[in-house]
Amino acid sequence: MNFKDTYLKLENIAFLATIAFSLTMGQARAEGILHNENSSKIASYLQATQQTVKGIVRDEKGDPLPGATVLELGTNNGVITDFDGKFTIKVTSGASLQISYIGYKPQQISASSTSIDVQLETDASQLNEVLVIGYGNQTKADVTGSLTKLDRADFKEGINISPDNLLQGKVAGVRVVSSSGEPGAGIDVTIRGVGSIRSGSTPLFVVDGVPLANDNVSPGGTNVGFGSSGAKNPLNFLNTSDIESINVLKDASAAAIYGARGSNGVVIITTKKGKVGEPTLNFESSVGFSNVAHKLDILNADEYRKAIKDPAFDHGGNTDWQDEIYRTGVTYNNALSFSKATESGNYYVSLSNIDQEGIVKQSDFKRTTGRINASESFFDDDRLNLQVNLTASETKDNGVPTSDDGGSDGQLIIHTLMANPTWPLKDADGEYTNFNMNAHYNPAYLLSIYEDQTRTLRVLGNAQLSFRIFDRLTYKMNVGVDRSTSERNTTIYPNLTDRSPKGMYVQNNFETTNSLIEHYLTYSLLNSTHKLDVLAGFSYQKFERSGTNFGFDNLSPKGEGVKPVNNPTPSNSLINISGFAQENELQSYFGRINYAFDGKYMVTASMRADGSTRFGTNNKYGYFPSFALGWNLTNEDFLSNNNTFNNLKLRASWGQTGNQEVQNKITQESYSLSGSEGYYLYDNLELVNGVTILRTPNPDLKWEVVTQFNVGLDFTLFNEKLYGTFDFFNKSTTDAILNIPSRVLNPTTDVWVNMDGKIVNTGFELMLGSTLMKTDNFSWNLDVNGAAIHNEIKDLPVSYILSGNVSGPGMSGVQANIFTNGHSAGSFYLYEHAGFDENGFDVFTDQNNDGSINIQDKVIYDGALPKVTYGLNSQMKYKNLNLSLSFIGQAGGYLFNNTALNALNINNLASDRNVATDYYESGANPANSPSASSYYLEKSDFFRLNTARLGYNFNTTKIDWVQGVNLFVTGTNLFTITNYSGYDPLINSPKSSGGNQSIGIDYTSYPTARTFILGVNVKF
């Protein structure tokens, strides 16, 4: 099936034409009904002289107000202001207009002028938000789904390289967890719990109307003696200073409009636009200083000398190896932006640069970003509008030797923690000490012989054309391109160790292109009683990915010595030569109806049909419906005179979304020749001798389906002194896509299938906010959000699925996570540690009472996912001084401390290595070999002061050319209350197995930093 050819067929054009004709006839029929009922009135109206009135509606600050209602009094003639707050309406001469918007007092104005500029006043008795819902906007009063909006004032403070980090602690039910503290490292965002066994619960990110691919845009790190490592965060290309707002769509009613890609929720990012008023030039500059937030408690040199039995392990030095690799990292962040709006358009231009040193020496992140957003309207009635968004960035990441896939061979953090503190850093000749190189690296020397740089260029741009066919029907086209090229160069220089390889260079190249074209029609009907919005459209998106990989082994040095050599020359050993090229396509039809009656009753219904080349020939299309109801109780007569509720709305929704984040070609046959995968034979080709079958075709493979039910309550009380939302949800994932061995006929072949069973997330979300105090000089706002989620696997047709590779001596093939019925996703599967015997050796519980310990004695421990997550945010303002505090926390979860098992175990004392203080004091025997047991399972509960910001706004009224100056000091990760012994309890190392995700494992993660920032924001 070729979607590109399908798209060019005339039936798609006919499909859109049919929609336009139907909506046009629908309007004609509606006008006909009105004519029958009010013939004399409408005849008189048509005979009167009409005029066209253009205008703009502003909020209390003078900024444009999109979504405001402009209604000709006494008629059903009305329009809604566009994104720039503008409107055009034809009215009877001398008529009056009523302009209203939720959260503002209605205003009546004469239409005697053809150009109107209206500024509304706030009304504390109503809500005041416009939410982006995908392919459109809605006022919060009309929303029936579960959505949360964050404005710039709500974002997480501090050094935020990527926009996903802005959500941390700000949205109920959204958990943001880093895979590492390294600058630019990947971040896991989970909305309403883990819903898939396979790796990846990342939501769909949409930037200015362009849905991004969730795939990496940079290569992972190839093993040059240190294990492989993951790719950098694909969202690093965005400058967070350019972001105006983020809308999080959580339930199926909100997310179903994105169909096959909405199962993990949707995050819609809207960047800044020019605002009406004087042109604005804004300059932001800051400098930050970062240090390791928490060092691990391991034996110092004196303690180590007392602990060892072999005097040969005392090398006469006194070195804190954590101090030798950690440093104070300095971050410079500068951004310059210009914005302006005219009567017909608006413009925003920015240029930014960030240079962040990591807290581990030789690690850093650099990014330069430029953005242009422009919008212009054409014709006297602004019938045609063109909006262009374009951003381009260059990022450079310098990494250090870390690994995701196990072993301790060359990983910097492990070697730092295990390093004997009695070894001196350098010898008498000033060279790095060459201690026991066949078993262990000098960490500082390891840094000196290793380089790993990733350079990524990315351009994201789209053009949106909007044409108003008539007052109620608008056609929109959205064309977008997201293109990136990335190169990763990894080198271990020739060195004096006894380890292999002695020198290696590998280059990985990556190129991706994401192309989008969308057509959709919106129809709006508005009068004093009815409000109707109808959306229908078509979307085509193509994803292209390609890459190459090559390297050289046995690099020959130029010169002698321990220090790294310059310009190593390759030998004739060319290695790791490979490449790939893939593409997949997504073709979609979608529609949505929003209807509100009398401001009391709301209905939303949507449907999306997605066709994907990733799935089998028998299941190319999936269908994703949703339905939601809303009831605004405060507009009912029985609450009309109450003095408590300013707003009380009940919501209920049901819907289905999909997950298509799987590998390309998994429904097709896969063969290999000479053990190399990648030879794909199609139906018209025959097998030849010597070809090995790697994958069995499955033409029936289809999407994972998420079905979600949600009930919610929005409320505002006591003149908006207390406000909040409450949601209950049930989210069930079925048709899980898994890679399993094929039938007995060919047990060496894998096949991808939709497995029976489901993952169910049931939970509550709560957000409460309050204006605790508000006077002329002082105000204090406080809000808290939290979620309690119960995750459970049901009806799985197999006994269990394992994942979560454990690293360490003797741990080959051991896995810590289990997916099985009756337990949460990624539960731990470990031996139960019952203490130490009289000789200091592990004692495990014999669950079967058979006198021996084997795999049947392992116990399932729930808790890889915390039961409760929460955030608390406080904003205080006294005159020109403002203070904001943000706290985050979680409870009811556990981490498997794989770092402790591998790097800090008691048996290190028997091999010239260091040990954690707790393990040394445990009474364990140095000859005790570690096992994957509950001994390394620790509570991940914590409470953290995540950010604090103190700012001062200078009075600039006497300086004509300066609008405002804000000086601020920000601290991040200031303190954490926890019993977890590792670097950070909020961590999830990527330890997946067989494509199935790992949860709750901490393995040699790059530590989290504590940062202090001094900055200034000047507005001209």
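Every number here is computed from the coordinates shown, using simple stated rules; none is lab data. Bear in mind that the values here come from a model prediction, so they are computed numbers and not experimental data. Backbone-built Cβ (ideal geometry, glycine too); neighbour counts: all protein chains shown.
Summary table
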| read-out | value |
| --- | --- |
| Gain on full stretching of the segment that runs from LEU782 to PHE764 - 0.36 nm per residue minus C-alpha separation | 4.4 nm |
| Distance between modelled label sites at THR529 and ASN635, nm, 7 Å Cα→Cβ extension | 1.3 |
| Distance in nm between pseudo-label sites at ASP381 and SER546 (7 Å out along the Cβ direction from Cα) | 4.8 |
| At 1.567 mPa s and 4 °C, Stokes diffusion of segment 895-987 via Kirkwood alpha-carbon radius, µm² per second | 76 |
| Computed lengthening from ASP850 to PHE645, 0.36 nm per intervening residue step minus Cα-Cα distance | 67.3 nm |
| Cα-based equivalent ellipsoid of segment 574-671: semi-axis lengths in Å, sorted from largest, via gyration tensor | 49, 16, 9 |
| Whole-number percent relative contact order across the chain, with pairs defined as alpha carbons under 8 Å at least 6 apart | 11 |
| Compactness relative to 2.2 N^0.38 Å, alpha carbon Rg of segment 471-547 | 2.27 |
| Cβ-Cβ FRET estimate between ASN719 and ILE593, R0 fixed at 56 Å, reported to 0.05 | 0.95 |
| Protection proxy ranking, peptides 772-781, 976-985, average beta carbon neighbours within 10 Å, highest first | 976-985, 772-781 |
| Built amide H within the under 5 Å cut-off of LYS426, gap 5+ | THR433 |
| Rounded tilt (10° steps) of 10-37 against the dominant C-alpha axis of the chain | 40 |
| Shape of the chain, Cα gyration tensor, a/c cut at 1.5 | prolate |
| Set of segment 272-300 residues, backbone N closer than 13 Å to the point 7 Å along the Cα-Cβ line of VAL349 | 280-282 |
